[in-house]
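Right, I'll just put the structure down here and ask away after.
The values are calculated or read from the model by the stated rules, or taken from the named source; none is laboratory data. Since we're looking at a predicted model, the values are computed, not measured. Reconstructed Cβ throughout: ideal geometry from the backbone, glycine too, with neighbour counts over all protein chains shown. Ligands, DNA and RNA are stripped out before the accessible areas are found, and what is left, the full protein with its side chains, is counted by its heavy atoms. Shrake-Rupley method; radii C 1.70, N 1.55, O 1.52, S 1.80 Å.
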Amino acid sequence: MKFSQKLLLWTTIIIAITLGFSGYYFVNFVFETSLEREVGQALDENSILRFAFETAALNVPVKYDVLQDSSVEQIASNLETSGQGTGRLLRICDEEKNVLYAGDGFEADDELINAALENYYSYRVVLLEDRYYIQTQSRVHSLGRELYLETLRDVTQVFAEREMGFTVYRRLMIFMLLLGIVIMYFIASRLTKPIRLLVRATKEMAAGDYGYRARQVSNDELGKLTQDFNHMSEVLEETIGQLEDEVQAREDFVGAFAHELKTPLTSIIGYADMLRSRKLDEEKSILSANYIYTEGKRLETMSLRLLDIIVTKKEGARIRGTSAETLFEYLRSMFLPNESMAFVFTYEPAVVMADASLIQTVLVNLLDNACKASEEGSRIEISGSREQEKYRFTVRDYGIGIPEEEVSKITQAFYMVDKSRSRSRNGAGLGLALSVEILALHDSRLEIDSIVGEGTAISFLLQVGEEEAQYEEAHS
């Protein structure tokens, strides 16, 4: 059953129960009020008749010491006759509770007389031949006699009005229920519209349409739920997009890795087979062995770089205060013996927060790429400068440069702008990918500025260490 149908059903049940109890209480309240009024009138009437009987008895000629039964009957008859048209019936019984006079139609039993107490008015409601009466009784003391005076007052109309009230209220309740069902149907439909829209949105998303959004139709809690759902959908769509990009990147990585393995392995196998299957002169043997050695070194470099990336992701970095001067001195010792390039070092002294060995790897990779992108004898600048609370490392070359559309791709594993040039220098396209992973551990990133034919500048920022760290580094 739908939520709107449940809401409509339970609302109808609650309205029906509420109207039923309230109607029953109201009609019964009116009935009991009317019946109490009739009881009061019946008791008053009994009291008046009692007084009239006693008065009439006093006017009877005194022939006997006690009131005779015939006189009782005569007085009772006169009293009943005087009340014709009022629906009143009269009965008088003697001390032994024998009936002395009873009006036509007075068929009530003796239960009320048997339960009577002295000087006490009592009454009850009785049903006689499909009509309702209020039966009252009282004791009459007159001329030495103790009599019982009973009356019947017809109150059938009061009960008829109650039945009519119930009938009218049932009809009114049915009408109100039908009207309430119609109104609640539209209210339930309106209230549950956001839920239906959310259900539709979940179905669309389950079917693969992650860009589908639920329409917000209210500003209440359900409207807020719709906003949260749409926000969740946006986050989910972004996450799925990232996962798809990661899957695609992995597929590209595997494809590139297989391709990078295939090329050197083909050369190695080919030249090894040539050396194995035929006798070559000394020059060709040296050339074949050189090809095998070169391609083997490229495979070694690629495997080491891949291992560095994996280890870096798993182990993290041990960051502490490190002198920038020691980093530049390390680079100077590594590259100045290479006279094929003109290296220029300019830097400001400072202490940076870094894992020294990992940052050395980044700087070596940047310098290595700069060398590969430059012709022999080209100028390569390595600089370091303070920028407020940061320290910027920059490696600038004046080589081939990087096309603008490829700048965002060069940090991907195995991506090389000039594949033939990189392979000729044992490049595998992994240096920048490793550098990106290392800098991510330092909350930093590569900033690349390149112009084709003019050169490339790659830099990154590290946090400057506190004075205590500078002191410790200076005296270590």
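State all residues of the stretch 34-48 that are in contact (Cβ under 8 Å) with a residue 40 or more places away in the chain and either surrounded by fewer than 12 Cβ atoms within 10 Å (Cβ to Cβ) or of a type in the set (D, E) (or both); if no residue qualifies, say none.
Within the stretch 34-48, E38, E45 qualify.
Tell me which residues, restricted to the stretch 132-155, are among the basic types (K, R) and either closer than 11 Å to L89 by Cβ or in contact with a Pro (Cβ under 6 Å, 6 or more places away or on another chain) (or both).
Across the stretch 132-155, the qualifying residue is only R153.
Table: residues versus (1) crowded, with 20+ Cβ neighbours inside 10 Å; (2) at pLDDT 65 or above.
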{"site": "G384", "(1), (2)": "yes, yes"}
{"site": "E406", "(1), (2)": "no, yes"}
{"site": "Q412", "(1), (2)": "no, yes"}
{"site": "R423", "(1), (2)": "no, no"}
{"site": "A428", "(1), (2)": "yes, no"}
{"site": "L439", "(1), (2)": "yes, yes"}
{"site": "D449", "(1), (2)": "no, yes"}
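What pairs come out if I take residues in the stretch 102-114 that are over 11 Å from V126 (Cα atoms) and pair them with residues that are acidic (D, E) and open to solvent by 20 Å² or more (accessible area, probe 1.4 Å) whose C-beta lies under 7 Å away, six or more apart or interchain?
G103/E80
If you don't mind, another one. Any idea which residue in the stretch 81-106 is farthest from D69 (Cα to Cα), counting only those that are at pLDDT below 80 and touching a strand residue (DSSP E or B) at 6+ places or on another chain (Cβ under 7 Å)?
Here the answer is G87.
So which residues in the stretch 361-381 are without any contact (Cβ under 8 Å) to a residue 60 or more places away in the chain, crowded, with 18+ Cβ neighbours inside 10 Å and over 17 Å from G401 (Cα atoms)?
Once the filter is applied, which keeps residues that are without any contact (Cβ under 8 Å) to a residue 60 or more places away in the chain, crowded, with 18+ Cβ neighbours inside 10 Å and over 17 Å from G401 (Cα atoms), the stretch 361-381 yields only L363.
State whether one or more residues within the stretch 159-176 are closer than 18 Å to N46 by Cα and either surrounded by 13 or more Cβ atoms within 10 Å (Cβ to Cβ) or not polar (S, T, N, Q) (or both). Walk me through it before giving the result.
We begin by selecting, within the stretch 159-176, every residue closer than 18 Å to N46 by Cα; these are none.
Checked the stretch 159-176: no residue is closer than 18 Å to N46 by Cα and either surrounded by 13 or more Cβ atoms within 10 Å (Cβ to Cβ) or not polar (S, T, N, Q) (or both).
Taking the stretch 198-242, which residues are in a helix (DSSP H, G or I) and small (G, A, S)?
A201, A206, G223, S233, G241
Any residue at all in the stretch 292-309 that's modelled with pLDDT of 80 or more and either open to solvent by 60 Å² or more (accessible area, probe 1.4 Å) or under 27 Å from R392 (Cα atoms) (or both)?
yes
Given the options L143, L149, name the one that is open to solvent by less than 30 Å² (accessible area, probe 1.4 Å) and in contact (Cβ under 8 Å) with a residue 40 or more places away in the chain.
That would be L149, the only listed residue that is open to solvent by less than 30 Å² (accessible area, probe 1.4 Å) and in contact (Cβ under 8 Å) with a residue 40 or more places away in the chain.
Let me ask you something else. Cβ contacts < 6 Å: first residue in a loop (DSSP other than H, G, I, E, B), restricted to the stretch 56-69; second residue at pLDDT 75 or above and surrounded by 10 or more Cβ atoms within 10 Å (Cβ to Cβ), any location; separation 6+ or different chain. Result?
Here the result reads V60/S71; V66/L143; V66/R145; L67/A57; L67/S142; L67/L143; L67/R145, each pair linking the stretch 56-69 to a residue that is at pLDDT 75 or above and surrounded by 10 or more Cβ atoms within 10 Å (Cβ to Cβ).
Which residue out of F21, F51, F26, F31 is in contact (Cβ under 8 Å) with a residue 60 or more places away in the chain and open to solvent by 100 Å² or more (accessible area, probe 1.4 Å)?
F26
Further, regarding this structure: With respect to S333, is the statement that it is out of contact with any strand residue (DSSP E or B) (no Cβ under 9 Å at 6 or more places or on another chain), closer than 17 Å to V436 by Cα and either of a type in the set (S, T, N, Q) or at pLDDT 90 or above (or both) true?
no
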